[in-house]
Amino acid sequence: MRVTALVLVVPPVAHTLRRRRERRAGATPAHRVPIGRLVLAKLALMAVALAAGALLGRYLAHPDLPIAAAIALVVAFGGPVYHRRQVRRAAGNIR
């Protein structure tokens, strides 16, 4: 439950603080990341991991290691692809 709270609270707060710092500095960000979609992707990954744990728990004594390895692979290889697709250029920074 704590992990879910962290996933739901920390990214929006960090995003808000970063935007506030950029506004004070007068800088315009080159890219904009949709935080809502990022949080939903993290929640979906957590839900799939929990479901896989419930399914693998029937067949393996310790299903945590294969699930952790699968999460690491998904994040390592799928994360950059997802990020590239979701990042949008901020208005005024067209190259």
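A few comments on the model shown:
- Close pairs (6 angstrom Cβ cut-off, 6 or more residues apart or separate chains): more than 19 Å from ALA49 (Cβ to Cβ) in the stretch 1-20, of a type outside the set (S, T, N, Q) anywhere: PRO12/ILE35; HIS15/ILE35
- Answer residue from the stretch 27-58, given it is more than 18 Å from ARG85 (Cα to Cα) and surrounded by 14 or more Cβ atoms within 10 Å (Cβ to Cβ) and is modelled with the lowest pLDDT among those: MET46
- Residue within the stretch 18-26 that is closer than 25 Å to ARG2 by Cα and either at pLDDT below 85 or in a loop (DSSP other than H, G, I, E, B) (or both) present: yes
- Those residues of the stretch 37-57 which are under 19 Å from LEU8 (Cα atoms) and without any contact (Cβ under 8 Å) to a residue 40 or more places away in the chain, in sequence order: VAL39, LEU40, LYS42, LEU43, ALA44, LEU45, ALA47, VAL48, ALA49, LEU50
The values are calculated or read from the model by the stated rules, or taken from the named source; none is laboratory data. Values in this document were obtained by computation on a predicted structure and should not be read as measured data. Glycine gets a Cβ as well: all are built from the backbone with ideal geometry, and neighbour counts include every protein chain shown.
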